[in-house]
6 protein chains.
Amino acid sequence: MSDFTHFNEQGHAKMVDISEKNDTVRTASARSSVSVAKEVYDQIQEGANKKGDVFAVSQVAGIMGAKKTADIIPMCHPLALNGVDVQFDWHISKEETYSIIITSEVKVKGNTGVEMEALTAASTAALTIYDMCKALDKEMTIGPTYVLKKTGGKSDYQRS
Amino acid sequence: MSDFTHFNEQGHAKMVDISEKNDTVRTASARSSVSVAKEVYDQIQEGANKKGDVFAVSQVAGIMGAKKTADIIPMCHPLALNGVDVQFDWHISKEETYSIIITSEVKVKGNTGVEMEALTAASTAALTIYDMCKALDKEMTIGPTYVLKKTGGKSDYQRS
Amino acid sequence: MSDFTHFNEQGHAKMVDISEKNDTVRTASARSSVSVAKEVYDQIQEGANKKGDVFAVSQVAGIMGAKKTADIIPMCHPLALNGVDVQFDWHISKEETYSIIITSEVKVKGNTGVEMEALTAASTAALTIYDMCKALDKEMTIGPTYVLKKTGGKSDYQRS
Amino acid sequence: MSDFTHFNEQGHAKMVDISEKNDTVRTASARSSVSVAKEVYDQIQEGANKKGDVFAVSQVAGIMGAKKTADIIPMCHPLALNGVDVQFDWHISKEETYSIIITSEVKVKGNTGVEMEALTAASTAALTIYDMCKALDKEMTIGPTYVLKKTGGKSDYQRS
Amino acid sequence: MSDFTHFNEQGHAKMVDISEKNDTVRTASARSSVSVAKEVYDQIQEGANKKGDVFAVSQVAGIMGAKKTADIIPMCHPLALNGVDVQFDWHISKEETYSIIITSEVKVKGNTGVEMEALTAASTAALTIYDMCKALDKEMTIGPTYVLKKTGGKSDYQRS
Amino acid sequence: MSDFTHFNEQGHAKMVDISEKNDTVRTASARSSVSVAKEVYDQIQEGANKKGDVFAVSQVAGIMGAKKTADIIPMCHPLALNGVDVQFDWHISKEETYSIIITSEVKVKGNTGVEMEALTAASTAALTIYDMCKALDKEMTIGPTYVLKKTGGKSDYQRS
């Protein structure tokens with residue numbers, strides 16, 4: 001059974017040494033979502049078609065969030081990200097429940113993976129949607145949030 | 001149907017004017033979770049009992065995350081938070097699935113609510129757990145994340 | 001002739017003591033601008049009418065910039081801003097020069113003025129427009145940038 | 001006519017992927033200015049000759065501002081800057097108007113240009129001068145602010 | 001024997017609730033120092049008398065450091081500081097050892113003390129002196145660093 | 001006698017150009033300490049053995065502090081740190097004085113040294129211990145703080 005790599009011999013967390021790892025192009029993609037009331041769906045659609053685009057603000061927050069990852073997650077290594085994108089899609093179930101599906105993609109040429117940056121981008125985008133719609137609906141739920149895919153490291157990962 | 005309050009007449013997002021609102025003691029509590037493999041459960045338990053406490057790091061991240069809310073969420077008002085706490089509990093289902101339940105509580109004497117701070121604390125704590133355990137388990141899932149309770153504003157809220 | 005208030009007896013800058021000043025509702029408004037080539041004008045208009053709204057991104061940057069003022073300007077007092085808005089207007093001269101006019105408004109209930117926050121919001125919004133359009137036009141010019149109006153302090157100010 | 005590169009297919013801003021671009025030594029220089037009343041000129045000169053150097057504070061703010069560029073400008077790539085300098089010169093017209101000319105220079109070995117860092121350094125330095133002198137003169141005007149020069153990328157640029 | 005107040009019932013650190021405490025004017029003063037080689041002393045004195053003032057940069061760093069305290073120290077409450085000053089004095093012993101004595105003063109109208117802000121200001125100022133002089137002298141030593149005085153809380157404190 | 005390298009020809013501080021320096025693996029180690037009352041010693045020991053680990057929080061603060069170095073120290077170059085660790089040891093003298101010895105280690109593959117990052121990590125860890133124990137003991141003293149060792153640059157350094 002593998003051990004945590006994040007702890008020193010005193011049992012305290014450390015930022016793991018990655019100076020021996022090679023610079024490669026690495027990508028990661030993560031997903032989050034916000035389930036909302038029909039009223040929120042209607043308002044966002046109306047705004048997006050005319051003015052007042054909730055997703056435009058959430059997108060900026062997600063991208064800036066990715067850049068703040070090492071400032072927010074204690075043991076994350078700072079990385080000079082090379083590209084960040086966030087996409088929004090509506091999922092409407094047969095039972096007429098409304099969900100915003102958030103997909104982030106992060107790219108770096110560096111010596112460690114960017115799944116935390118992708119997760120932070122998606123989470124920040126979701127929190128921003130919550131913030132901008134909370135006057136309409138207090139029951140919104142964020143997530144599940146998870147890593148979709150990861151390439152460029154020791155081994156690739158694709159969520160099954 | 002109520003309109004979004006976060007947009008100006010040009011259809012762009014603004015930080016809503018709250019200068020007329022009164023200072024009251026306001027609290028909010030939010031919940032997130034991380035579902036993990038049995039291996040992660042075993043390792044965290046072993047660490048907490050001896051050395052290498054994942055929750056201690058995640059706790060610090062959650063509290064610092066609450067303080068960064070207005071820096072992360074674009075339209076959030078900066079607030080001088082008066083108290084922040086985060087708690088962790090294990091939930092083990094009959095089918096032996098393992099989840100860490102994260103509960104945040106935030107308190108302020110101020111003129112707007114702190115549900116975004118509570119959500120950001122819980123989300124940051126969850127992301128930190130993911131970061132520290134991802135070498136063991138890439139399939140971890142964060143959330144659902146939502147507001148549990150809110151007091152001290154125009155109307156209280158309790159998740160049903 | 002009045003002296004600088006920002007220096008201590010050793011001749012070094014200090015953050016001036018404002019603990020004796022009263023909390024009042026204070027507002028400030030500032031203006032900046034970006035002069036752009038016709039090509040930029042055309043592209044922004046096309047984007048705004050359909051998709052790809054430069055101003056939406058710039059707006060978010062301006063509002064977040066206002067919140068970062070005390071982190072950027074060394075002697076500025078941290079303030080819990082109560083409201084921030086940014087507006088964009090096109091000015092097209094008879095000679096067909098194109099300028100984006102940026103107007104920021106900031107509000108606080110506090111013990112010092114917010115003209116620096118208004119100036120920082122307008123400047124950050126202008127820099128963001130530059131960033132997003134620089135692939136099309138390297139000759140863009142930002143400013144002049146100045147305070148338009150200020151209320152709620154010892155004396156009001158209105159630019160003549 | 002070239003298109004904006006900063007938008008994804010959903011019409012939302014993204015941080016453009018630069019992972020394919022090469023690391024080269026890149027420089028950029030930008031200019032801003034602050035026009036001030038004679039009283040401000042007199043006070044700054046007196047301070048600089050003895051004690052209380054406005055430019056020393058503004059210089060520090062400009063350099064720290066350059067380092068914060070990717071935190072302030074949403075779509076800017078984080079870059080590990082290799083050198084930043086800011087210079088101040090007085091320009092006094094025949095009509096006895098007084099202007100502080102601010103010139104920034106930024107250098108990086110990296111895969112994207114640093115004109116935004118140079119512009120942010122110059123703008124932050126200008127805002128800091130405004131802040132430190134605003135008790136004497138509320139009519140100060142910042143800018144125009146623009147890129148002077150850029151080397152090391154696909155094509156060099158020199159303002160005409 | 002008093003218990004730590006910073007831990008919750010799970011044994012993890014929390015930001016202590018201060019919402020019941022009253023807003024009063026509070027001050028704190030802290031001291032640090034940097035012991036340096038004679039060569040550093042000579043260079044700093046020469047710079048201060050002409051150009052290149054190490055203390056001017058250190059002063060700005062100390063003041064900005066005070067404002068970052070709650071961002072750096074995990075359990076510190078964010079506070080809207082009302083005033084910050086830093087002073088530098090030389091202490092030259094009979095044995096011709098050279099020390100820079102750093103004294104910070106911080107003021108707030110708020111519901112908790114500012115000794116951490118005073119300590120952070122003094123520490124940041126000391127680190128900045130180290131950074132700017134390290135090419136001349138690698139043996140510099142920072143500190144001791146401690147609280148000198150504290151007023152305005154439940155009980156005043158004066159270092160004996 | 002060598003001159004300060006941190007000043008430009010106008011006598012103002014600049015961030016020195018390091019674009020010509022080579023990327024090598026560099027390490028630095030620094031030391032700080034906190035001298036505390038016996039009561040603090042007893043409480044920390046009790047907490048560490050059961051629950052409420054002061055060092056766990058201080059460790060996280062130290063690591064995050066290392067990452068913030070370029071944001072706190074004005075002329076420091078931003079660096080993508082590859083590893084950070086902090087260790088705590090008790091030193092109890094014959095006279096029964098109690099000191100926490102803090103040792104930080106920082107590693108980077110980069111073009112400038114990391115002694116400032118090591119010093120900032122150790123200082124931030126010390127300040128956090130002070131913060132968490134100040135309710136028990138106001139006489140705690142931080143430091144001396146200094147660089148222990150440095151490798152990978154032009155010349156190695158080992159404190160004598």
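The values are calculated or read from the model by the stated rules, or taken from the named source; none is laboratory data. The structure presented is a predicted model; accordingly, all values stated were derived computationally and were not measured. Note that we place each Cβ from the backbone using ideal geometry, even for glycine, and neighbour counts take in every protein chain shown.
Here are the numbers for this structure:
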{"item": "Failed condition for residue A:40, given (1) touching a Ser or Thr at 6+ places or on another chain (Cβ under 8 Å); (2) farther than 28 Å from residue A:157 by Cα", "result": "(1)"}
{"item": "Residues of segment E:137-160 satisfying the condition of being farther than 22 Å from residue F:74 by Cα and in a loop (DSSP other than H, G, I, E, B)", "result": "E:144, E:152, E:153, E:154, E:155, E:156, E:159, E:160"}
{"item": "Number of positions in segment F:37-94 that are closer than 19 Å to residue A:78 by Cβ and either touching a Cys at 6+ places or on another chain (Cβ under 7 Å) or modelled with pLDDT under 95 (or both)", "result": "2"}
{"item": "Boolean, residue D:80 is within 26 Å of residue F:17 (Cβ to Cβ) and touching a Pro at 6+ places or on another chain (Cβ under 8 Å)", "result": "yes"}
{"item": "Scan of segment B:52-78 for residues that are assigned to a loop (DSSP other than H, G, I, E, B) and over 16 Å from the mean Cα position of the chain (by Cα), ordered by number", "result": "B:52, B:53, B:74, B:75, B:77, B:78"}
{"item": "The listed residue being at pLDDT 95 or above, under 30 Å from residue F:158 (Cβ atoms) and among the hydroxyl-bearing types (Ser, Thr, Tyr), out of E:103, E:141", "result": "E:141"}
{"item": "Subset of segment D:108-136 (residues that are more than 10 Å from chain C (Cβ to nearest Cβ) and in contact with an Asp or Glu (Cβ under 8 Å, 6 or more places away or on another chain))", "result": "D:108, D:109, D:110, D:111, D:118"}
{"item": "Residue list for segment D:80-98, filter: closer than 19 Å to residue D:126 by Cα and either in a loop (DSSP other than H, G, I, E, B) or under 16 Å from the mean Cα position of the chain (by Cα) (or both)", "result": "D:84, D:85, D:86, D:87, D:88, D:89, D:97"}
{"item": "Selection from segment D:76-100 of residues that are closer than 23 Å to residue D:156 by Cβ and of a type in the set (Asp, Glu)", "result": "D:85"}
{"item": "Selection from segment A:86-107 of residues that are of a type in the set (Val, Ile, Thr), surrounded by fewer than 24 Cβ atoms within 10 Å (Cβ to Cβ) and within 14 Å of chain D (Cβ to nearest Cβ)", "result": "A:101, A:103"}
{"item": "Residues of segment B:99-117 that turn out to be within 12 Å of the chain's Cα centre (by Cα) and of a type outside the set (Asp, Glu), as a count", "result": "7"}
{"item": "Check on residue B:14, touching a His at 6+ places or on another chain (Cβ under 8 Å) and among the basic types (Lys, Arg)", "result": "yes"}
{"item": "Filtered residues of segment B:99-136 (kept if of a type in the set (Asp, Glu) and part of a helix (DSSP H, G or I))", "result": "B:115, B:117, B:131"}
{"item": "Options C:65, C:152, C:143: the member that is at the interface with chain D (Cβ under 7 Å from one of its Cβ atoms) and at positive phi", "result": "C:143"}
{"item": "Residue within segment F:118-128 that is more than 11 Å from the chain's Cα centre (by Cα) and either over 28 Å from residue E:63 (Cβ atoms) or crowded, with 21+ Cβ neighbours inside 10 Å (or both) present", "result": "yes"}
{"item": "Residue check, residue D:42 part of a helix (DSSP H, G or I) and under 30 Å from residue D:13 (Cα atoms)", "result": "no"}
{"item": "Residue among E:66, E:28, E:56, E:13 that alone is without any contact (Cβ under 8 Å) to a residue 12 or more places away in the chain and surrounded by 23 or more Cβ atoms within 10 Å (Cβ to Cβ)", "result": "E:56"}
